[in-house]
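The values are calculated or read from the model by the stated rules, or taken from the named source; none is laboratory data. Predicted model only: the values in this text are computed from it and were never measured. Quick reminder, even Gly has a Cβ in these numbers, built from the backbone with ideal geometry, and neighbours come from all protein chains shown. These accessible areas exclude ligands, DNA and RNA; they are computed on the full protein's heavy atoms, side chains included. Shrake-Rupley method; radii C 1.70, N 1.55, O 1.52, S 1.80 Å.
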Amino acid sequence: MNRTLRFLLALLAGLAGLTFVGAAVVQKTTRQWFDEDIALRVRLVATGAGSALLQRWTSQDRVSLEQLLSDIARDERIMAAAACGPDATLVAQTPTFPADLTCLHISERMRAAAGHEVKAVGTPWGMVWELPGGDVQVSAVPMARGDQSVGFLVLVHDLSFIERREAKTRKFVILGFGILAVAASLITVVAARLSRRGFRTELRRFILGKSKDKEFLPIVRDVRELVDRIAAEREMDGQGGAWSPQRLKQTLVRHFPGEKVVVLANREPYIHQRQPDGTIKVMHPASGLVTAVEPVLRACSGVWVAHGSGSADRDVVDQNDHIRVPPGEESYDLRRVWLTPDEERGYYYGLANEGLWPLCHLAHARPIFRSEDWATYQAVNRRFADAVCKESSGDDPVVLVQDYHFALAPRFIRERLPRAVIITFWHIPWPNSERFGIFPWRAEILEGLLGSSIVGFHTQLHCNNFVDSVDRYLEARIDREAMAVIQRGRPALVRAYPISLEWPCQWVTSAPPVAECRKSVFAELGLKPDALLGVGVDRLDYTKGIEERMMAVERMLDRHPAYRGRFSFVQLAAPSRSVIERYQQLDEAVEKLTARINAKFGSEGYRPIILLRAHHEPPTVFRYYRAADFCYVSSLHDGMNLVAKEFVAARDDEAGVLLLSQFAGAARELPESLIVNPYNVDEASAAMVRALTMSAEDQCGRMHAMRAFLAEFNVYRWAGRMLMDAARIRRRATVLGHLDDDIMRLASVPRFRPS
Ligand code: ADQ
C-alpha cells in the first residue's frame, strides 16, 4: 500500500476515534444541561404559580385547579401536570396526564428515594419514568400552606424532546469532526508534500552550488562519497554490477598483473585431523576470518600461510610444507608453518588471546600481559613474515595480513619487500586510545601495523580509535581528512571495510530445502512437530554473550509460561582456546546455567536449552539456521559477527527472525533485525517473544531487505575495494617515485579521498 494512503488511513482512523469520544462527551454534557434545565423549570413553576395553585388547592376548587394545571402544561416541554394530596390521592390533573402514572406510585418512589419526604417543601424531586409510550421525566414538588402540607405538585416532561435535541447535537458533532478530520488530513498531506518538494529543491540548489544552507552538508557529503566510491570502482575495474569471484579476479589481474596474492592468517582454512580409526578427516575451522577470507583466495588463487595445527597436517604436505586446497577443487596453496608448544603458548594463547583479545573487547575480562609472551609473539611474527616473503614470487607481492595475531608482521615484511602491497585487516574492534594505552608495547604494535599500505577495520569508529591511538602514542603525521598516517615518507591508509560473506553462499546452495532441514533437526533434537526453536551458533567465547542469551531464555519462560514445553533454544558451541583459564571458566558456567534452567523448566522429553558443545561442519550449521524460528546473536562486543550474516544468507525462504546485539558491528548493517542490548535480559526476552509472534509478512519484509543488502555488499566487494585502494596507492607511488614525506603529503590530497 502506498505510504501516503497508509498515513491517511491511520490519520482518519485516529480522528474517527476522536469523533466517537467527542460525541460521547458532548452527549453527556448536553444531557446534564437538560437535567439542570428541567429542575430549574420545576422550581420556577412551583414558586411562580405556587400561591395561585395553593389557593385553588385548599379551596377545593377542582375545576379551576385543573385549569391552572393545563395552563402550566402549555409549555411545549411540559407534557402534563397533576396535584396530589398528602395521602397520595389525586386532587386534580390535566387531561394529558399519563394513565399509567398515579399519585400513589409517585409518592412511593419519592419515599424510596432517600431524603425526599413529601414534607420537604419546595425541594423538587425527579426521575426518569419508563412508560409504554416512551420515557418521561417525572418531577414532584412538595407543597404546603404554612406548616400544613397540602400534597405535591407533579410535572411530567416529555423526554423525546431531549432525545431529539441530543440526536441533532450528535449529528452536528460527528459532521463537524468529520469535516475537521478530512481537512486536517488534506492539510497534512499537502504540507508534507510541499515541504518534501521544498527540501528536494533546496537540496538540488545546494548540490548545484546555488544555496549555502549548511544543514545539507552531511547528506551531500555522504551522497558524494557514495557516488565517488561507485564511480571509483567503475573507473578502476572498468566494470559495474554485482561483485562476484570473476569480477574480483579480473580486478586483481588488471591492477596487479602476474602478482601472487599471499594471505597470512594464524588459522588455516582446512585442518587435517587424524581420526581414532587412523583415517584423516578434513575439517573447516569455526572462524569468522576463515569464513570470509577463504572465498577470496579461492577466487584469486595464491598462497595461504598459516599455522599447521591439525594432528595429521604434517602427513599431507609436500617437502615445502604445501598442500593444494580446497580438497577436490584445488585452486590455491596452503603453506603450513609449524610451531612448538611453547611458541603456541606464548604467541597464540598468551599475547594474542590473553592479552590483545580482551584488550580490544569490552567484555569485562582482564587482559594479561607477560613479557615472555611478547618475546615469543615477536619471534613468531618474524617467522611468519619470513614465510610470506619466501612465498612471494616477485618483490612487489600483494599480501593480505589477517588479524591481531600478526600486528608486527607488516613491518617485518616491509623491511624485506619495500614495494609490497600489504593490506592488513584487523577483524576485532580497536579500543579507544585510553584503553589501548594500557598495552605495555603499544608503540611497537602501532609501528608494526603501520608497515602496511592499508590498515582495515570493520567500522569507522575503530578506524578513528586507531588513528587516535597513533596520534597519542607515536611520532607520525596524521592526515585526518584522508585518514592516512604518514611515517618516513610512506602513507598507510586507515579505512573501514565491513567484512561479509560470499554470495551466493556455497553452504546454502547445497543445503536441503528448509522444510526438510526443519524436519531433520527436529528429529535430531527430539522436538514435537509444533515446537518452536531458537538457535545460537558460536565459538565458546566470553565475548559472545552466551550466558546472557540463556538468561534471556529463562526470563522468557518465567514470564510466558505458555512457551514452557513448547519452545527450545539450541546452542551450537564450538570449544575454543580451551587451554586458557577464562575459557575453561566460561565452559563450566555455560554448562551449569544450562543444567539449572533445564531443571527449572524441563520435564520428561523436554529441554528448554539444548547445548551442543562441539564443532559442527558448515552443512550442519546451515541446516540448523534453516530449521530455526529465530537466531539470537548476543555478542557483548564483536568486530562484525558473521553468524548474523550467515543466518540471513541461510534463509532463502525469507522466513525466520534475527535478534542481533547492538554491540556487534553487523548491527550497523542489518537494522531490519531486532536489535537488542544483550545485557538487558528483559528486553532480549521480549524480543524473543516478538520474534516468535512476528507475522510471516513482517519476517519476509525484513529478510528480503537484509538479503538484498548482503547480495550487494558481499565479501568479493570487501576484498575488491581493498585491492582497488591499494592499486591507487601503488599507481601514485610509481608515478611519483620514492618522494619524501612532504611531497607525498601534497600528492595525497586527491589520492586518498575516501573510497
Ligand atoms: P569470530 O569471533 O570467529 O570472528 P564470527 O564472525 O561470528 O566470529 O564467525 C564465527 C564463524 O564460526 C562462523 O562462520 C560460524 O559459522 C562458525 N562457527 C561458530 N560456531 C560454530 C560451531 N559450533 N561449529 C562450527 N562452526 C561454528 C572474528 C571476529 C568477528 C568477525 C570475524 C570476521 O571476532 O567479529 O566477524 O572475525 O572478520
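Odds and ends about this structure:
- Boolean, GLY526 is open to solvent by less than 60 Å² (accessible area, probe 1.4 Å), away from the ligand (no atom under 15 Å from the Cβ) and touching a residue at least 60 places away in the same chain (Cβ under 8 Å): yes
- All positions within region 372-391 that are open to solvent by 10 Å² or more (accessible area, probe 1.4 Å) and under 18 Å from VAL303 (Cβ atoms): ARG383, ASP386, CYS389, LYS390, GLU391
- Check on ALA306, under 20 Å from GLY448 (Cα atoms) and in contact with a strand residue (DSSP E or B) (Cβ under 8 Å, 6 or more places away or on another chain): yes
- Failed criterion for ALA696 (all others in (1) more than 15 Å from the ligand (Cβ to nearest atom); (2) under 30 Å from LEU297 (Cβ atoms); (3) aliphatic (A, V, I, L, M) hold): (2)
- All of TRP430, TRP503 fail the test of being open to solvent by 30 Å² or more (accessible area, probe 1.4 Å) and within 16 Å of the ligand (Cβ to nearest atom), apart from TRP503.
- All positions within region 634-649 that are open to solvent by less than 10 Å² (accessible area, probe 1.4 Å), near the ligand (Cβ under 10 Å from one of its atoms) and out of contact with any Gly (no Cβ under 8 Å at 6 or more places or on another chain): ALA644, LYS645
- Set side by side, the residues ALA496, ALA443, ALA484, ALA476 differ, and just one is among the small types (Gly, Ala, Ser), open to solvent by 10 Å² or more (accessible area, probe 1.4 Å) and within 35 Å of the chain's Cα centre (by Cα), which is ALA496.
- Total residues in region 318-371 satisfying the condition of being touching a strand residue (DSSP E or B) at 6+ places or on another chain (Cβ under 7 Å), open to solvent by 30 Å² or more (accessible area, probe 1.4 Å) and assigned to a loop (DSSP other than H, G, I, E, B): the figure is 3.
- Looking across region 269-287 at every residue that is more than 22 Å from VAL388 (Cβ to Cβ) and either outside any strand (DSSP E or B) or of a type in the set (Gly, Ala, Ser) (or both), the one that is nearest to the ligand (Cβ to nearest atom) is identified as ALA286.
- If the condition is being part of a helix (DSSP H, G or I) and within 15 Å of the ligand (Cβ to nearest atom), then region 392-427 contributes TYR404, HIS405, PHE406.
- In a residue-by-residue description of region 626-633, the property of being surrounded by fewer than 22 Cβ atoms within 10 Å (Cβ to Cβ), of a type in the set (Gly, Ala, Ser) and either within 15 Å of the ligand (Cβ to nearest atom) or more than 24 Å from ARG555 (Cβ to Cβ) (or both) applies to no position.
- Conditions (1) within 15 Å of the ligand (Cβ to nearest atom); (2) part of a helix (DSSP H, G or I); (3) not basic (Lys, Arg): number failed by ASN266: (2)
- Count - residues of region 604-625 that are surrounded by fewer than 21 Cβ atoms within 10 Å (Cβ to Cβ) and either within 9 Å of the ligand (Cβ to nearest atom) or assigned to a loop (DSSP other than H, G, I, E, B) (or both): 11
Okay, residues lined up against (1) outside the structural domain of MET550 (by TED's automatic domain parsing); (2) in a loop (DSSP other than H, G, I, E, B); (3) on the phi > 0 side of the Ramachandran plot; (4) surrounded by 19 or more Cβ atoms within 10 Å (Cβ to Cβ):
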residue: PRO678; (1), (2), (3), (4): no, yes, no, yes
residue: ASP682; (1), (2), (3), (4): no, no, no, no
residue: VAL689; (1), (2), (3), (4): no, no, no, no
residue: GLY701; (1), (2), (3), (4): no, no, no, no
residue: PHE709; (1), (2), (3), (4): no, no, no, no
residue: GLY720; (1), (2), (3), (4): yes, no, no, yes
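- Residues that are open to solvent by less than 10 Å² (accessible area, probe 1.4 Å) and either out of contact with any His (no Cβ under 8 Å at 6 or more places or on another chain) or away from the ligand (no atom under 15 Å from the Cβ) (or both), drawn from region 542-562: GLY545, ILE546, ARG549, MET550, ALA552, VAL553, MET556, LEU557
- Here MET694 clears all of (1) in a helix (DSSP H, G or I); (2) open to solvent by less than 30 Å² (accessible area, probe 1.4 Å) except the condition numbered (1).
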